[in-house]
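> The following block contains the structure, expressed as structure tokens.
Coordinate-derived values only; no laboratory data. Just so it is clear, the model here is predicted, and its values are computed rather than measured. Neighbour counts run over all protein chains shown; Cβ positions are idealised from the backbone, glycine included.
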Amino acid sequence: MNLDFSQIVPYIPFMLEGVWVTLQFVIISIIFGFILGSLVALVKISDVKWLKLLADAYTSIFRGTPLILQLLLIYFAIPQLTGYDISPFLSAILTFGLNSSAYVSEIIRAGIQAVDKGQREAAEALGIPYRPTMLKIILPQAMKNILPALMNEFITLTKESAIVSVISYLDLMRRAQVVASDIYRNFEPLLFVGVLYYMMVMVLTIAGKYVEKRMRASD
């Protein structure tokens, strides 16, 4: 077999730096997506029809178009339409955060609606306002049910983060491409970063199972 991993050894520190570069925008995107998704989910279960229509349209657009198209639109359209020279880092955060929030909103909405209606009715009978009812009674129960789905969304986001290489953001995938073009070999650097992606996903998977186990134990 025509393989020579010794050629990528000098580039290993360069590629390892890509782990933190990738995690930087993924973590921020996850937080942004979760907060925005939670707000959109609350709008979807509200009684304000025009807000519900806007939330449904938002979710439909971001779930119904390719992620790479959204990334390219944000990266190229914002400078063209506004004159603001957006950075690849900010483009990645906005794209992945907005996209993730569309999926997260559906997950949270389903989780809230899966909670027994009697919980809310009992809170109303006791005179507990809507916000405390949602924050202290409904959402904690919903979170226990939707945690696996949320972790799956975050894992998917981590894997799909590789597409930011198309806008020259120096994440793991882009660094593998840089190394490949420098040594004229593709398989070795791609395999190396593939192992790194797999390790990140496994860490997320183990962390998710641990958190889920702790939440189940607290029942």
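> Taking segment 191-219, which residues are small (G, A, S) and either buried (at least 17 other Cβ atoms within 10 Å of the Cβ) or assigned to a helix (DSSP H, G or I) (or both)?
First pass over segment 191-219, keeping only residues small (G, A, S): 194, 207-208, 217-218.
The answer is G194, A207, G208, A217.
> Please report, ordered by residue number, the helices (runs of 4 or more DSSP H) entirely within segment 24-139 with at least 1 residues that are within 25 Å of Y169 (Cβ to Cβ) and not hydroxyl-bearing (S, T, Y).
Because the criterion is at least 1 residues that are within 25 Å of Y169 (Cβ to Cβ) and not hydroxyl-bearing (S, T, Y), the helices (runs of 4 or more DSSP H) in segment 24-139 that meet it are 49-64, 67-82, 88-114.
> Here's a follow-up. Could you list, ordered by first residue, the pairs with Cβ atoms under 8 Å in which the first is in segment 133-151 and closer than 16 Å to T205 by Cβ and in contact (Cβ under 8 Å) with a residue 12 or more places away in the chain and the second is polar (S, T, N, Q) and surrounded by fewer than 17 Cβ atoms within 10 Å (Cβ to Cβ), at least 6 apart or interchain?
Qualifying pairs under 8 Å: M151/T205.
> Also, I was wondering about something else. Among the listed residues L51, L36, L98, identify the single one that is more than 18 Å from L150 (Cα to Cα) and not charged (D, E, K, R).
L51
> Applying the selection to segment 191-219, what residues are over 30 Å from A77 (Cβ atoms), hydroxyl-bearing (S, T, Y) and in contact (Cβ under 8 Å) with a residue 24 or more places away in the chain?
T205
> Check A123 against each of (1) touching a residue at least 24 places away in the same chain (Cβ under 8 Å); (2) buried (at least 17 other Cβ atoms within 10 Å of the Cβ); (3) more than 18 Å from L39 (Cα to Cα) and name the one condition it does not meet.
Of everything listed in (1) touching a residue at least 24 places away in the same chain (Cβ under 8 Å); (2) buried (at least 17 other Cβ atoms within 10 Å of the Cβ); (3) more than 18 Å from L39 (Cα to Cα), A123 misses just condition (1).
> If you scan segment 157-190, which residues turn out to be free of Cβ contacts under 8 Å to residues at least 24 places away in the same chain and either exposed (fewer than 14 other Cβ atoms within 10 Å of the Cβ) or acidic (D, E) (or both)?
S181, Y184, N186
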